[in-house]
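First the structure, in the form of structure tokens, and then the observations on it.
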Amino acid sequence: MTAYLIRRLLYTVPIVFGVLLLTFVLFTLVGGDISIEIAGKGATQETIDEIREEYGLNKPLFLSWDSQFVNHFRNALTFNFGRARDREPVIDKIKRGVGPSLALTMPMFFGIVIISISLSLVIAFVRGSVWDISTVIICVAGMSIPYLSFILFGQYFLAYKWGLFPVFFSPELRMAQYVALPVLIGIAAGLGGNLRFFRTVMLDEMRNDYVRTAFAKGLTARRVLFKHVLKNAMIPIITRVVLAIPFLFLGSLLLERFFGIPGLGYLMVEAINSRDYFVISAMTYISAILFVVFNLITDICYSLVDPRISLE
Amino acid sequence: MLCLGVIALYFLLAGFIYLAEFFDWRIGPTLWAEQAGQSYAPPSSENIFGTDIFGQSVLRKTLYGTKISITVALCASLISIVIGVPLGAVAGYFRGFVDEIIVWIYSTLSSVPYILLILAFAVVLRDKTFFGYKLTGITAVYLAIGLTSWVGICRLIRGEVIKHKDREYVLAAISYGCTRRRIIFRHLLPNVFHLVIIDFSLRFVAFIHAEVILSFLGLGEAERPSWGAMINDARIELSRGVWWQMAAATVAIFFLSLALNIFGDALRDSLDPKLRIQ
């Protein structure tokens, strides 16, 4: 177990290196010198030089201990991402955004997972019936509606027209109030694809012999579904669920933009509009690190639910 | 069949708009910039989907948006196939060091969340000049989508080539003395290529939705109408009760995605029964 863990951890090193290389190539080599943009129109050469100095853009790209390439690595590994356009350290901005983002994405995520898994079990049980077919049709239709339309129409009808929820975020609202509608919309939009996926997983399980045996023994449907089928369908479920967790930290770009929730998605949209490479690069790096970590957790979870998979 | 018809209709429309622009025909979609009525005229017999703030016909803008969406999705698919398929085949066939490098590249790319990766590429590539060619509007969009989306197909092809590598027909080709390039491109790839078609009939939908999101965030086509830009306009209009621009774009995207989704599933069921979704 320990040996496996160490080997698995070592395997993440090239990936982290790759992500750092990717952000460096994208934002420093391709992105180019942005000091003129930061300085704004009509800035003197001195101001531009000062900005270059501060961001280290006047240093050589490679081949020196003080080159931009080495500094990029050093900064990322110590989580020092410099300052954003408004002079606030990037890492502070990110820390501030995590809370609201998680408040939005966590209930959304668990809502989707719980609803779609339990519904898929029921549907797998009544497969081939009118209920099954109509659910599949609704799922495919739901998958075809663009996400933006879900958000806009949801916001328009539920919040603006009928006044059931607040339209925008404002600081005096309680969290449950401003998060409720985005969560609801997120669940509605995400349910189609997930339900369809889990239904396939469950149907594959239902065809196995042990299910027939369990029914033949006279076990109740509930027991067969939740005790036997669910347990065996755990592997694909874990892959999908655990690997989705890092995305929760990112928040929901579009939902946060529409409802003005000051989370990480909102930060990202702002950074795109002002072409703030430091923020985008930091977000890319952090989310990749989270993904790598959760990938590791998935592998460990596999061995916990399925004793046949050994960590060798 | 109906789905195929709908997809063909969209493609024909996009092709037709290209032709019309090329020959400068004065038909509806190419005249989208013209005033068709008052500002924010509601849907009527004259303008089926009403007009926007400048009095331009929403129907014409929607039809024109088809061209943008189809172009982006098609170019993005082509780019990712051109990158992903050969890389996957080479990695699967040669294994060893080459394989490790390619797997490293795609594991790196796939450890960054997809939408964030596309956004990062789109932000950086936008308005950059490469070899004297400026990447404006949709060029940056399809480059960003294409350069980030080859990972899935590369992984799929690699796995499939590894499976096929030891089959008799490959051994026979080796015994004839075929070159390795010929084995990969003339023997192996045609045998796994149906996977590419299946994958892309489903991925096309994702590309179209990605284009909408990028245009919506202001990273897409700026001068000509696209579905994402229409939805972005609608964000402000909805509070004034102007719903038709939003509805037109949604309906256009919905039917295209629905047709592609159903068609992709049907294609998968008939070409590759192993992957069947009941």
| query | Is it true that some residue in region A:147-156 is aliphatic (A, V, I, L, M) and more than 12 Å from chain B (Cβ to nearest Cβ)? | reply | no
| query | In region B:136-189, how many are modelled with pLDDT under 85 and of a type in the set (Gly, Ala, Ser)? | reply | 2
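Of the residues in region B:64-96, how many are over 17 Å from the mean Cα position of the chain (by Cα) and not hydroxyl-bearing (Ser, Thr, Tyr)?
Total satisfying the criteria: 10.
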| request: Find the helices (runs of 4 or more DSSP H) located wholly in region A:78-185 whose residues include 3 or more that are acidic (Asp, Glu), over 27 Å from residue B:206 (Cα atoms) and in contact with a Ser or Thr (Cβ under 7 Å, 6 or more places away or on another chain), and list them. | output: none
| Looking only at helices (runs of 4 or more DSSP H) that fall completely inside region B:160-243, which ones have 2 or more residues that are in contact (Cβ under 8 Å) with a residue 12 or more places away in the chain and within 11 Å of chain A (Cβ to nearest Cβ)? | B:189-216, B:227-237
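Residue by residue through region B:97-130, note down the ones that are outside any helix (DSSP H, G or I) and either among the hydrophobic types (A, V, I, L, M, F, W, C) or touching a residue at least 60 places away in the same chain (Cβ under 8 Å) (or both).
Residues satisfying the conditions are B:112, B:126, B:130.
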| task | Considering each of A:240, A:257 in turn, give the residue that is within 14 Å of another protein chain (Cβ to nearest Cβ), of a type in the set (Lys, Arg) and closer than 30 Å to residue B:121 by Cα. | result | A:257
| request: Please find, within region B:244-255, the residue that is nearest to the chain's Cα centre (by Cα) out of those that are within 9 Å of another protein chain (Cβ to nearest Cβ) and crowded, with 21+ Cβ neighbours inside 10 Å. | output: B:253
| field | Residue within region B:134-146 that is in a helix (DSSP H, G or I) and more than 20 Å from residue B:209 (Cα to Cα) present | value | no
| query | Across region A:173-214, what is the total count of residues that are loosely packed, with under 13 Cβ neighbours inside 10 Å and of a type in the set (D, E, K, R)? | reply | 4
| field | Filter result for residue B:258 (surrounded by 14 or more Cβ atoms within 10 Å (Cβ to Cβ) and away from chain A (no Cβ under 11 Å)) | value | no
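What do you reckon, is residue A:247 within 16 Å of the chain's Cα centre (by Cα), part of a helix (DSSP H, G or I) and within 14 Å of chain B (Cβ to nearest Cβ)?
Considered against the rule, which asks whether it is within 16 Å of the chain's Cα centre (by Cα), part of a helix (DSSP H, G or I) and within 14 Å of chain B (Cβ to nearest Cβ), residue A:247 comes out as yes.
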| request: For region A:231-249, indicate whether the set of residues that are free of Cβ contacts under 8 Å to residues at least 60 places away in the same chain and touching a Cys at 6+ places or on another chain (Cβ under 8 Å) is non-empty. | output: yes
| Considering only region A:274-288, how many residues are assigned to a helix (DSSP H, G or I) and either polar (S, T, N, Q) or facing chain B (nearest Cβ under 7 Å) (or both)? | 6
| Exactly one of (1) in contact (Cβ under 8 Å) with a residue 60 or more places away in the chain; (2) touching a Gly at 6+ places or on another chain (Cβ under 9 Å) is unmet by residue A:272. Its number? | (1)
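The values are calculated or read from the model by the stated rules, or taken from the named source; none is laboratory data. As the structure is a prediction and not an experimental result, all values here were calculated from the model. In this analysis, Cβ positions are derived from the backbone assuming ideal geometry, glycine residues included, and neighbour counts consider all displayed protein chains.
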